[in-house]
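Here the structure is laid out as structure tokens; the discussion comes afterwards.
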Amino acid sequence: MGLFDKLFGGGKKKVSSETQETRGLHMPDLNIPIDEKFTIYFKKNGGKFIYCDSFKEVSNAVQSIVDENSWQDHPFFVMNPTLVKKFSKYGLTFTKKAKDSEVFFTTCEHLIAQNGSILVCSNQLHEKKLNELPDNIIVFSTTSQIVESIGEGLKKIKKKYGRSIPANITTLKHFQANKENSDDFLTYGSSSKNLYLLLLEDL
């Protein structure tokens, strides 16, 4: 079974990704599952997507990314202690200083199907803006975090945190520089990021 068969299996009717990708940016979405829609737009944004059905596959994927980019001697910038605890046993090293790393390793709040973006907040970024992060980002997420729209993601954040809504809410969207996104104010003046998404099946 291929990678996309694993992601989009289970009897769901598949729609050609070519048909979806060739539709205009403001055209109504085709009636496809949100996981498939997210993947189409995420790849269109230039992101690199790795689907995993176990944590062992996640750890193997991280090691493959390290080997591919020759990051064996480069510590990962991490602000989430849970990630350090989960991945330190796999030979990774970490730093709390962004300036000491070429790679930012993080989680996220939600994955947005309507535009293939990644919703993050102060839980992941603290007070940092996107242009203060390393150019390379690895995001660890799960399939249950995929939502249809930014509005739905914000509602879930509000429900989850109640009155303690986190600050610095923004989206990671541009993973490949092009004319369309070079001046996008939503990136807070940041350059495009080289982004890997590790998506763990948890549904």
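The values are calculated or read from the model by the stated rules, or taken from the named source; none is laboratory data. None of these values were measured; they are calculated from a predicted model. Backbone-built Cβ (ideal geometry, glycine too); neighbour counts: all protein chains shown. Side chains are part of the model used for accessible areas, which takes the heavy atoms of the whole protein and leaves out ligands, DNA and RNA. Shrake-Rupley method; radii C 1.70, N 1.55, O 1.52, S 1.80 Å.
Just subtract the alpha-carbon distance of ILE150 and SER122 from 0.36 nm times their residue separation and send over the number in nm, one decimal. Intermediate results must be reported in sequence, preceding the final value.
Values: separation 28, 0.36 × 28 = 10.08 nm, distance 1.64 nm.
Length gained, ILE150 through SER122: 8.4 nm.
Select from segment 78-185 those GluC sites (Glu not before Pro) which occupy a DSSP coil region and have at most 16 other Cβ atoms within 10 Å, ordered by residue number.
Details: sites: GLU102, GLU109, GLU127, GLU132, GLU148, GLU152, GLU180; in loops: GLU102, GLU109, GLU127, GLU148, GLU180.
Passing sites in segment 78-185 are GLU102, GLU127, GLU148, GLU180.
Heavy atoms only, probe 1.4 angstrom, no DNA, RNA or ligands counted: give me ILE157, ILE50 ranked by accessible area, highest first. It would help to have the intermediate numbers written out before the result.
Working: ILE157 0, ILE50 50 Å².
I get ILE50, ILE157, largest accessible area first.
I need the shape label for segment 31-125. Rule: rounded when a/c is under 1.5, else prolate if a/b > b/c, else oblate, with a, b, c from the alpha carbon gyration tensor.
Numbers: a/c = 1.96, a/b = 1.59, b/c = 1.23.
Verdict is prolate for segment 31-125.
Taking 0.36 nm per residue of separation and subtracting the Cα-Cα distance, what length does fully extending SER54 through LYS89 add? It would help to have the intermediate numbers written out before the result.
Numbers: separation 35, 0.36 × 35 = 12.60 nm, distance 1.63 nm.
Difference between extended and current length: 11.0 nm.
With 26 Å as the limit, write out which pairs from LYS43/LYS96; LYS96/LYS193; LYS86/LYS128; LYS48/LYS128 have Cα-Cα distances beyond it, or answer none. Each step should come with its number before you reach the end.
Details: LYS43/LYS96 29 Å; LYS96/LYS193 19 Å; LYS86/LYS128 23 Å; LYS48/LYS128 23 Å.
Pairs exceeding 26 Å: LYS43/LYS96.
What is the set of long-range amide H partners of ILE138 at a cut-off below 5 Å, with H atoms built 1.01 Å from backbone N?
Residues meeting the criterion, in which the H sits 1.01 Å from N, are PHE104, PHE105, THR106, TYR196.
Rounded to the nearest 10 Å², what accessible area does ASP35 have for a 1.4 Å probe in the complete protein model?
20 Å²
Quick one: length gained pulling ALA98 to THR82 fully straight, 0.36 nm per residue minus the C-alpha distance?
Details: separation 16, 0.36 × 16 = 5.76 nm, distance 1.77 nm.
Once the chain is fully extended between ALA98 and THR82, it gains 4.0 nm.
From the Cα gyration tensor of segment 125-180, with a ≥ b ≥ c the square roots of its eigenvalues, which class applies: rounded if a/c is under 1.5, or else prolate if a/b is larger than b/c, or else oblate?
On the way: a/c = 1.96, a/b = 1.49, b/c = 1.32.
Prolate shape, in that a/c is at least 1.5 and a/b is the bigger ratio.
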